[in-house]
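The next block holds one structure in the form of structure tokens; read it before the comments.
The values are calculated or read from the model by the stated rules, or taken from the named source; none is laboratory data. Worth saying up front: this structure is predicted, and the values here are computed from it rather than measured. Glycine also receives a Cβ, built like all others from the backbone with ideal geometry; neighbour counts cover every protein chain displayed.
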Amino acid sequence: MIALDTVLRRHDDIRYRTIDREAVVVRQRAAEVLVLNDVASRILDLADGAAPVGAWVEALAAEYAVPRAELARDVLEFAAELAREGLLEVVSPATAAARPAMVPALGKTP
Amino acid sequence: MSFGEAFLALPDLFPARRSGEPWGGRSVSLELPGGPYQVSGLSAAQESQVRERFGELCGAPAAAGGTGGVQSRLFAVAAGDFREVDTRGWEYAIDFDHAPRSVRCAGLRIMARLDWSPVLSGSLWTCEDGKGRAEQELFPGIFENFLRVLLAYRLTELGGALLHSAGVVDGGQAFLFLGASGAGKTTLSRLSLAAGRTVLSDDLNALSPLPGGGARVDKLPFTGDVGDRRSGSPAYPLRGLLQLEKGPAAAFRPLSAARAAALLLACSPFVNADPHRRERLAANLSGLARAAPAGVLTFSREGDFWDMLRKSLP
């Protein structure tokens, strides 16, 4: 479960590049390419293995005009999805109950 | 399965460096993007076959052994070095082993390596098939497959890429239609040819950056069913990058630069599977994806999509 105090980092296997706010992500071992939207791309940037998810919400609150609670819910959902996709991995698990995550769409190319 | 096991009798004895017994003393020089590509160590018959296959792309013999471009050598090995492969229903494949300063390749009667020491050079080892048929039947295909890999890496180090694509010229500008096997590259090429356009290749084309911005498309002698291997062509400015989809009617929807870059990366053979050079390739493609408008083209066998495409592209 991912909560606001969870710490995540980008998986060693991925390489990514941001183009016009979207991220082109390569999974090295699978040689698979994904494209992430702007929010997911920013989450990849923020997933440095040091700052907890709550700090990402604070950083993104300065960039998106979205109510804080809504932003926190969206960030938790994206983080959970990126972790399920194997793009992020947990460094330090949550100590509080995590929200249930929904599944946002990740664009895949052939 | 470890590297080379499917094709080589003794994979551990894969040549560790660029050495061996040349087939002969002949050379050819191929005028292709990133070249010239100079290959030495050919027999007279092999030289003749290369000239027959690649026609006017073969430069003057005097150019061979010169400086610049990419130097490669051809070596002979015993047929017993290769495993017999049952090719019935087999899809052509090459086994790769990537390292920071080299790439090793093993395939059907082919061992090859690319070395950066520090400049790129190639080595190709092949054999007769035990019935004396190698030079008549197998060598041109083996040579071309080696050349495809060599060009992919050479174009990457020059800032470009080799792309699985159909390249079509319309109004003096080139469109690249991208997609995996079965996406419709050959069908679209035939339709375009029938509509009076020039088809560069329905299989592999070279995309490179232009110094002042934009990109150029170069014809390559690597074709599927449409295009010719024997003649040269001027480079054309890139007009559009299109991902192919088959559908009931012609349609176009734009692609973001990130999705275009991802598409290009997915369609860059050989190098996109190389963990040591994929980053360089991705950097190249990030720039090239912005060089022209990109989109998804839906087309059918019946409809003419060209008018729609010209009107749709910004």
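Scanning the range B:236-262 for residues that are at the interface with chain A (Cβ under 10 Å from one of its Cβ atoms) and without any contact (Cβ under 8 Å) to a residue 60 or more places away in the chain yields B:Leu255, B:Ser256, B:Ala257, B:Ala258, B:Arg259, B:Ala260, B:Ala261, B:Ala262. Of all residues in the range A:19-38, those that are modelled with pLDDT under 90, more than 8 Å from chain B (Cβ to nearest Cβ) and not in a strand (DSSP E or B) total 2. Selection of the range B:276-288 for residues being facing chain A (nearest Cβ under 10 Å) and either over 19 Å from the mean Cα position of the chain (by Cα) or of a type in the set (D, E, K, R) (or both) yields B:Arg278, B:Glu279, B:Ala283, B:Ser286, B:Gly287. Regarding B:Arg301, is this residue more than 14 Å from chain A (Cβ to nearest Cβ) and assigned to a loop (DSSP other than H, G, I, E, B)? So B:Arg301 fits the description; yes.
Of all residues in the range B:277-298, those satisfying the criterion of being in contact (Cβ under 8 Å) with a residue 40 or more places away in the chain and either farther than 27 Å from B:Ala250 by Cα or touching a helix residue (DSSP H, G or I) at 6+ places or on another chain (Cβ under 6 Å) (or both) are B:Arg277, B:Arg280, B:Leu281, B:Asn284, B:Leu285, B:Gly287, B:Ala289, B:Ala294. Among the residues of the range B:174-193, are any more than 19 Å from the chain's Cα centre (by Cα) and at pLDDT 95 or above? No, the range B:174-193 contains no residue that is more than 19 Å from the chain's Cα centre (by Cα) and at pLDDT 95 or above.
When the range B:184-194 is filtered for residues that are away from chain A (no Cβ under 14 Å) and either in a loop (DSSP other than H, G, I, E, B) or among the basic types (Lys, Arg) (or both), only B:Arg190 remains.
The set of residues in the range B:221-240 being modelled with pLDDT under 95, of a type in the set (A, V, I, L, M) and in contact with a Leu (Cβ under 8 Å, 6 or more places away or on another chain) consists of B:Val226 alone. Within the range B:275-290, the presence of at least one residue that is in a helix (DSSP H, G or I), on the phi < 0 side of the Ramachandran plot, surrounded by 23 or more Cβ atoms within 10 Å (Cβ to Cβ) and among the polar types (S, T, N, Q) is confirmed.
Only one of the numbered conditions (1) closer than 30 Å to B:Gly247 by Cβ; (2) surrounded by fewer than 24 Cβ atoms within 10 Å (Cβ to Cβ) is not met by B:Leu176, and that is (2). Would you be able to say whether some residue in the range B:162-183 is within 26 Å of B:Pro100 (Cβ to Cβ), in contact with a helix residue (DSSP H, G or I) (Cβ under 9 Å, 6 or more places away or on another chain) and away from chain A (no Cβ under 14 Å)? Scanning the range B:162-183, I find at least one residue that is within 26 Å of B:Pro100 (Cβ to Cβ), in contact with a helix residue (DSSP H, G or I) (Cβ under 9 Å, 6 or more places away or on another chain) and away from chain A (no Cβ under 14 Å), so the answer is yes.
Just to be sure, is A:Tyr16 within 14 Å of chain B (Cβ to nearest Cβ) and within 25 Å of B:Ala257 (Cβ to Cβ)? Criteria met by A:Tyr16. Considering the conditions (1) away from every other protein chain (no Cβ under 11 Å); (2) closer than 20 Å to B:Ser189 by Cβ; (3) of a type outside the set (Lys, Arg), B:Gly214 is excluded by exactly one of them, (2).
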